[in-house]
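Asks: Sharing a structure, written as structure tokens. Questions coming.
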Amino acid sequence: MPLGLLSAKSQVTGRYSGRVHADDIFRAIGRFSVKFRWVIIVAWVIAAVAIPRALPSLASVTQGNNSNFLPASAPSEQAATLAAPFGGSNEIPVPVVAAVSSGTFTPADQAWLATLSTDLGKVPTVVKVNDLGVSATRAGVDGQAAQLQVLSNVSQNNQDAQTDLINNLRAEIKDSSPPPGVQAHLAGSLAIQVDQQKQSGNTGNQVELFAALFILVLLFLIFRAVLAPFIALIPAFISVAISGPIVAELANHGLKVSSLAQLLLTVLVLGAGTDYGLFLIFRVRENRRAGQASHDAVVNALTKVGESITFSALTVIAALLSLLAASFQIYSNLGIPLAIGIAIVLLAGLTLLPALLAIFGKAAFWPSKPKPGTSSAGLWGNVATRVVKRPAAALLIGVIAFGALSVAVTAYKSAGFGGTISAPAGSDSAAGQNLLAKYFPSSSANPTNLVYKLSTPAWDDPAVIAAATTQLEHSPLFTGVTGPLNPVGGTGFTPTEYTALHAALGSGPLPATAPAIPASFAGKVTPTEWTQAYQEYRATAQYVDPAGTTIQFETGLTAGDPSSTAALNAVPALRAEAATVGTTLHATANGVGGEAPAFYDVSQISNSDLAHVIPIAIIVIGVLLALVMRSLVAPIYLIASVAISYFAALGFAVIVFIWLGNSGGITFILPFLLFIFLLALGEDYNILVMTRIREEAHHIPLREAVSRAISVTGTTVTSAGLVLAGTFAVFAVVGGSGSGGSQIRDVGIGLAVGVIMDTFVVRTVLVPCTVVLLGRWNWWPSKLVVDSPEADAVSANADALGLATPGKDVRAADSGTDSATDAPDATDSGSPRRS
């Protein structure tokens with residue numbers, strides 16, 4: 001045996017002696033998945049069928065009211081606690097308006113309304129039904145209408161649950177058989193929204209359908225194959241089907257799951273699952289072009305990208321679990337469900353996807369045929385070649401451009417969640433709105449509540465209540481005020497009348513039918529006047545608790561609908577005005593409840609939590625990047641690239657929506673979603689690109705390695721980005737076409753643009769430029785061993801003569817590159833030789 005080859009054998013075996021490569025682990029997983037491919041597929045199919053049947057659905061446990069997740073220290077939560085005697089002020093009100101076509105609301109009509117109130121209280125998600133009494137005298141005619149207020153904790157983001165609530169309420173009204181001449185309808189924003197959705201046919205299912213179709217069409221164009229798109233999506237869809245019920249089961253054991261978590265679980269798992277599918281499928285196609293057999297191509301591809309996929313998933317999980325540090329429970333309880341989804345899709349990506357690729361073989365890429373030696377530099381190869389020639393100039397231009405966009409972040413303002421909407425003509429909600437506007441004050445439909453704790457019962461000193469009512473009515477912040485002395489609007493009671501009525505009737509809920517005229521009122525009022533006074537006083541139970549020490553006012557806002565941006569921005573002024581009125585009332589405590597204050601607190605705490613969560617996520621992800629990169633330098637600029645991408649995307653959203661769109665603000669959820677997707681998924685792409693650069697740098701000079709790596713990963717990264725951005729674009733167009741869809745549209749467009757900027761500029765241009773400029777310092781403190789062509793040739797001869805280490809193929813079938821363009825790899829798996 002030639003001594004030179006013996007020496008080569010010693011060099012090769014010594015290089016790997018005593019070391020266990022991550023590649024060995026993923027090669028073993030790949031071989032297992034290919035060998036037992038049918039068993040794996042059957043196991044996943046059984047799990048996808050059995051788990052959803054055995055466990056509850058995710059939709060059945062979600063909580064859509066964002067205020068349910070606020071900490072107890074939030075002002076709106078304190079107001080809700082203060083308003084406990086009147087029911088939760090953060091629950092969704094649905095007005096039920098009944099009116100007679102002529103005459104007045106009779107005792108028989110009242111009795112029917114009392115029965116209807118009981119029946120409505122039995123509808124699922126209904127927490128309480130308040131009887132707000134009959135309307136005030138109008139045009140000389142006594143009360144012609146009566147109003148019930150249904151309070152529901154229905155999910156604010158679950159369209160199906162909202163539709164079911166409205167349909168069930170309307171069914172109860174119909175089944176109650178209103179007396180002749182009486183009509184009853186639902187009013188308020190929720191009823192209007194449901195009617196508009198029925199009219200437009202815009203449902204969440206449409207969004208999912210169009211998103212799935214878009215992804216498939218895009219993957220067809222990317223792969224130019226029939227089966228590959230379905231193979232890429234199957235593991236992701238199965239992961240969604242399995243992870244949802246598992247999270248739902250945890251919800252039954254105490255985990256709070258928001259509707260946001262349900263939406264993000266689907267989007268994030270589909271996005272990440274598709275990304276991991278693209279990582280592997282592109283590498284399999286590359287191996288097929290290198291001349292490898294179908295099964296070998298799958299095993300060697302997983303050997304190469306298995307570590308990238310795993311660490312990518314771990315960075316996403318780390319970013320999600322960092323949310324546990326948030327004080328807003330909708331965020332702190334978001335990490336665990338989404339981390340479970342990512343863990344499941346990772347398992348599917350390492351087992352189910354290779355099994356599918358092994359089964360379909362070359363048919364996966366039909367009708368295209370990956371032929372050996374057909375690799376070319378392509379678009380991204382040409383881009384990379386040009387960029388690395390002048391990396392400093394390209395990096396400087398990118399940083400200046402992204403920095404300029406980031407400056408706009410200083411103008412960021414939180415927005416509301418909708419605006420005033422109109423009921424479709426001829427609908428039940430249109431009829432209800434007409435009755436509500438005709439007979440009741442404007443504060444009835446969706447009030448903002450001012451709640452006060454008094455030191456003495458209200459009836460002991462009603463004069464201060466009268467003064468407070470006048471003060472609120474003259475405030476420019478309110479369009480209408482109802483309270484203890486004017487519960488149904490109009491002139492209401494004088495302080496003396498209120499005290500007398502309390503002395504005669506007491507406090508708390510009263511029967512629907514007026515009793516006989518008490519002695520204290522005998523000869524002072526007619527029976528009709530007494531009935532009217534009784535019904536109006538009965539309505540004060542919604543404004544004065546039985547003890548008389550807690551009162552509230554219901555107000556309409558000059559700023560507009562409580563869900564609007566203007567109303568959200570007015571909350572600080574509302575709270576200041578409430579405190580001023582509290583001084584008039586000699587109140588010991590006060591609060592402002594309702595939709596606008598709750599959303600304001602949500603947005604404020606959300607912004608505060610981001611400032612706390614981001615540093616924790618950066619530290620955790622930095623540690624993971626250091627492990628996978630074997631470097632302390634690379635994680636610094638990789639995380640910095642995510643930061644500049646995040647702030648630039650948010651700045652772009654500010655320019656488009658606030659400066660150009662004059663929207664007044666951006667919904668609080670957009671910065672959060674940008675953080676989740678750009679930090680978590682952005683590092684996915686970083687890991688894919690950087691591991692490939694390091695792999696190529698073992699064989700060729702760094703500039704060439706960067707060009708080569710970008711030429712083969714650029715399409716993968718940008719394809720994954722297009723899939724994710726396209727999904728958000730479909731969400732923006734379809735989901736934003738319905739009522740109140742401006743916020744959905746803003747979120748969808750903002751995320752789509754952010755992902756495009758990140759994948760097309762940051763990952764494929766700015767990061768490679770930084771790598772070239774730093775040179776060998778990229779890998780500090782480790783050292784990158786660069787193989788000489790002579791060493792590779794000697795290794796190949798040693799392998800050919802059977803001199804490789806037992807149990808290891810020194811020359812792997814997979815070089816990890818196209819044979820026509822790259823020097824072969826001498827490792828067992830084709831993985832980079834890391835020192």
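The values are calculated or read from the model by the stated rules, or taken from the named source; none is laboratory data. Treat the numbers as computed from the prediction; the structure is a model and nothing was measured. Glycine gets a Cβ as well: all are built from the backbone with ideal geometry, and neighbour counts include every protein chain shown. Heavy atoms of the whole protein, side chains included, go into the accessibility calculation; ligands, DNA and RNA do not. Shrake-Rupley method; radii C 1.70, N 1.55, O 1.52, S 1.80 Å.
Asks: Taking the condition of being over 18 Å from I25 (Cβ atoms), among the hydrophobic types (A, V, I, L, M, F, W, C) and open to solvent by less than 10 Å² (accessible area, probe 1.4 Å), how many residues in region 304-321 meet it? Explain how you work it out, then say what you get.
Replies: The first filter runs over region 304-321 and keeps only residues over 18 Å from I25 (Cβ atoms), leaving 315-321.
Filter again for among the hydrophobic types (A, V, I, L, M, F, W, C), leaving 316-321.
With the extra rule that they be open to solvent by less than 10 Å² (accessible area, probe 1.4 Å), the set shrinks to 316, 319-320.
Going through region 304-321 one residue at a time, the tally reaches 3.
Asks: Also, quick follow-up: All but one of (1) buried (at least 24 other Cβ atoms within 10 Å of the Cβ); (2) farther than 23 Å from G271 by Cα hold for P391; state the number of the condition that does not hold.
Replies: Every listed condition holds for P391 apart from (1).
Asks: Now, a different point. Taking region 663-690, which residues are among the hydroxyl-bearing types (S, T, Y) and either open to solvent by less than 10 Å² (accessible area, probe 1.4 Å) or assigned to a helix (DSSP H, G or I) (or both)?
Replies: Answer for region 663-690, where residues must be among the hydroxyl-bearing types (S, T, Y) and either open to solvent by less than 10 Å² (accessible area, probe 1.4 Å) or assigned to a helix (DSSP H, G or I) (or both): T667, Y685.
Asks: Right, next: Restricting attention to region 171-180, does a residue exist that is farther than 30 Å from L263 by Cα, under 36 Å from the mean Cα position of the chain (by Cα) and modelled with pLDDT of 85 or more?
Replies: Yes.
Asks: Then there's this: With (1) within 21 Å of A512 (Cα to Cα); (2) at pLDDT 90 or above; (3) crowded, with 17+ Cβ neighbours inside 10 Å as the list, and G121 as the residue in question, which single condition is left unmet?
Replies: All conditions pass for G121, except number (3).
Asks: Would you say T715 is in a helix (DSSP H, G or I) and modelled with pLDDT of 80 or more?
Replies: On the way: in a helix (DSSP H, G or I): yes; modelled with pLDDT of 80 or more: yes.
Spelling it out, T715 is indeed in a helix (DSSP H, G or I) and modelled with pLDDT of 80 or more.
Asks: Would you check if there is a residue in region 240-259 being assigned to a helix (DSSP H, G or I), closer than 23 Å to V642 by Cβ and of a type in the set (A, V, I, L, M, F, W, C)?
Replies: No, the conditions are met nowhere in region 240-259.
Asks: Write out, first by first residue and then by second, each pair whose Cβ atoms fall under 8 Å of each other, whose residues are 6+ apart or on separate chains, and whose first residue, in region 535-562, is more than 13 Å from N449 (Cα to Cα) and without any contact (Cβ under 8 Å) to a residue 24 or more places away in the chain while the second is open to solvent by less than 10 Å² (accessible area, probe 1.4 Å) and part of a helix (DSSP H, G or I).
Replies: Sorted first by the residue in region 535-562, then by its partner, the list stays empty.
Asks: Pairs, please: C-beta under 6 Å, at least 6 apart or cross-chain, first residue within 13 Å of L314 (Cβ to Cβ) and in region 616-627, second open to solvent by 60 Å² or more (accessible area, probe 1.4 Å)?
Replies: L624/L314; A626/L632
Asks: Against the definition (farther than 18 Å from I669 by Cβ, in a helix (DSSP H, G or I) and either among the hydroxyl-bearing types (S, T, Y) or at pLDDT below 85 (or both)), how does T805 come out, yes or no?
Replies: no
Asks: Within region 519-542, identify whether any single residue is closer than 30 Å to N569 by Cα, open to solvent by less than 60 Å² (accessible area, probe 1.4 Å) and outside any strand (DSSP E or B), and answer yes or no.
Replies: Scanning region 519-542, I find at least one residue that is closer than 30 Å to N569 by Cα, open to solvent by less than 60 Å² (accessible area, probe 1.4 Å) and outside any strand (DSSP E or B), so the answer is yes.
Asks: Would you check if N590 is in a helix (DSSP H, G or I) and open to solvent by 20 Å² or more (accessible area, probe 1.4 Å)? So that I can check it myself, show each step before the final result.
Replies: Working: in a helix (DSSP H, G or I): no; open to solvent by 20 Å² or more (accessible area, probe 1.4 Å): yes.
No.
Asks: Related question: Which of the residues that make up region 745-789 are more than 20 Å from the chain's Cα centre (by Cα), at pLDDT 80 or above and β-branched (V, I, T)?
Replies: Those that are more than 20 Å from the chain's Cα centre (by Cα), at pLDDT 80 or above and β-branched (V, I, T): T759, V761, V762, T764, V765, V767, T770, V771, V772.
Asks: Looking at V49, is it within 27 Å of S294 (Cα to Cα), open to solvent by 20 Å² or more (accessible area, probe 1.4 Å) and either part of a helix (DSSP H, G or I) or at pLDDT 95 or above (or both)?
Replies: On the way: within 27 Å of S294 (Cα to Cα): no; open to solvent by 20 Å² or more (accessible area, probe 1.4 Å): yes; either part of a helix (DSSP H, G or I) or at pLDDT 95 or above (or both): yes.
In short, no.
Asks: Another question, if that's okay. For region 626-641: of the residues being β-branched (V, I, T) and outside any loop (DSSP other than H, G, I, E, B), which is modelled with the highest pLDDT?
Replies: Within region 626-641, the match that is modelled with the highest pLDDT is I636.
Asks: Same structure, new question: Kindly indicate whether any position in region 154-163 is surrounded by 17 or more Cβ atoms within 10 Å (Cβ to Cβ), at negative phi, at pLDDT 75 or above and among the hydrophobic types (A, V, I, L, M, F, W, C).
Replies: Yes, because at least one residue in region 154-163 is surrounded by 17 or more Cβ atoms within 10 Å (Cβ to Cβ), at negative phi, at pLDDT 75 or above and among the hydrophobic types (A, V, I, L, M, F, W, C).
Asks: List the number of the failed condition for A145; all other conditions in (1) modelled with pLDDT of 85 or more; (2) farther than 18 Å from G492 by Cβ hold.
Replies: (2)
Conditions tested, residue by residue: (1) at pLDDT below 90; (2) open to solvent by less than 30 Å² (accessible area, probe 1.4 Å); (3) within 30 Å of F647 (Cα to Cα).
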residue: L405; (1), (2), (3): no, no, yes
residue: A408; (1), (2), (3): no, yes, yes
residue: K413; (1), (2), (3): yes, no, yes
residue: S422; (1), (2), (3): yes, no, no
residue: L436; (1), (2), (3): yes, yes, no
residue: S444; (1), (2), (3): yes, yes, no
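Asks: Moving on. With the structure loaded, tell me whether A301 is out of contact with any helix residue (DSSP H, G or I) (no Cβ under 6 Å at 6 or more places or on another chain) and closer than 15 Å to R31 by Cα or whether it fails that test.
Replies: Considered against the rule, which asks whether it is out of contact with any helix residue (DSSP H, G or I) (no Cβ under 6 Å at 6 or more places or on another chain) and closer than 15 Å to R31 by Cα, A301 comes out as no.
Asks: Next up: Under the condition of being part of a loop (DSSP other than H, G, I, E, B) and of a type outside the set (A, V, I, L, M), which residue from region 484-494 is most open to solvent (accessible area, probe 1.4 Å)?
Replies: So, considering only residues that are part of a loop (DSSP other than H, G, I, E, B) and of a type outside the set (A, V, I, L, M), the one most open to solvent (accessible area, probe 1.4 Å) is T491.
Asks: Take the residues in region 56-71 that are in contact with a Ser or Thr (Cβ under 8 Å, 6 or more places away or on another chain) and modelled with pLDDT of 65 or more; name whichever of them is farthest from V240 (Cα to Cα).
Replies: Top of the filtered list is P71.
Asks: Still on this structure, I have one more. Quick one: in region 467-478, which of the residues that are open to solvent by 40 Å² or more (accessible area, probe 1.4 Å) and among the aliphatic types (A, V, I, L, M) is farthest from A98 (Cα to Cα)?
Replies: Among those residues, the one meeting the criterion is A467.
Asks: Related question: Take the residues of region 495-518 that are assigned to a loop (DSSP other than H, G, I, E, B) and of a type in the set (S, T, Y): which is modelled with the highest pLDDT?
Replies: S507
Asks: Being modelled with pLDDT of 85 or more, open to solvent by 10 Å² or more (accessible area, probe 1.4 Å) and β-branched (V, I, T): is that true of I644 here?
Replies: yes
Asks: Let me ask something else. Can you tell me which residue among V481, V451, V464 is modelled with pLDDT of 95 or more and either basic (K, R) or open to solvent by 10 Å² or more (accessible area, probe 1.4 Å) (or both)?
Replies: That would be V464, the only listed residue that is modelled with pLDDT of 95 or more and either basic (K, R) or open to solvent by 10 Å² or more (accessible area, probe 1.4 Å) (or both).
Asks: Test A559 against the criterion of being over 21 Å from A463 (Cβ atoms), out of contact with any Ser or Thr (no Cβ under 7 Å at 6 or more places or on another chain) and not in a loop (DSSP other than H, G, I, E, B), and give yes or no. First the steps, then the outcome.
Replies: Numbers: over 21 Å from A463 (Cβ atoms): yes; out of contact with any Ser or Thr (no Cβ under 7 Å at 6 or more places or on another chain): yes; not in a loop (DSSP other than H, G, I, E, B): no.
It is false that A559 is over 21 Å from A463 (Cβ atoms), out of contact with any Ser or Thr (no Cβ under 7 Å at 6 or more places or on another chain) and not in a loop (DSSP other than H, G, I, E, B).
Okay, residues lined up against (1) of a type in the set (D, E); (2) open to solvent by 10 Å² or more (accessible area, probe 1.4 Å); (3) outside any helix (DSSP H, G or I):
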{"position": "L270", "(1), (2), (3)": "no, yes, no"}
{"position": "F282", "(1), (2), (3)": "no, yes, no"}
{"position": "D296", "(1), (2), (3)": "yes, yes, no"}
{"position": "A301", "(1), (2), (3)": "no, no, no"}
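Here's the yes/no breakdown for (1) touching a helix residue (DSSP H, G or I) at 6+ places or on another chain (Cβ under 6 Å); (2) buried (at least 24 other Cβ atoms within 10 Å of the Cβ); (3) at pLDDT 85 or above; (4) assigned to a helix (DSSP H, G or I):
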{"position": "R692", "(1), (2), (3), (4)": "yes, yes, yes, yes"}
{"position": "E704", "(1), (2), (3), (4)": "no, no, yes, yes"}
{"position": "S707", "(1), (2), (3), (4)": "yes, yes, yes, yes"}
{"position": "I710", "(1), (2), (3), (4)": "yes, yes, yes, yes"}
{"position": "S719", "(1), (2), (3), (4)": "yes, no, yes, yes"}
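Asks: Would you check if T555 is surrounded by fewer than 22 Cβ atoms within 10 Å (Cβ to Cβ) and more than 25 Å from the chain's Cα centre (by Cα)?
Replies: No; evaluated as a whole, the condition is false for this residue.
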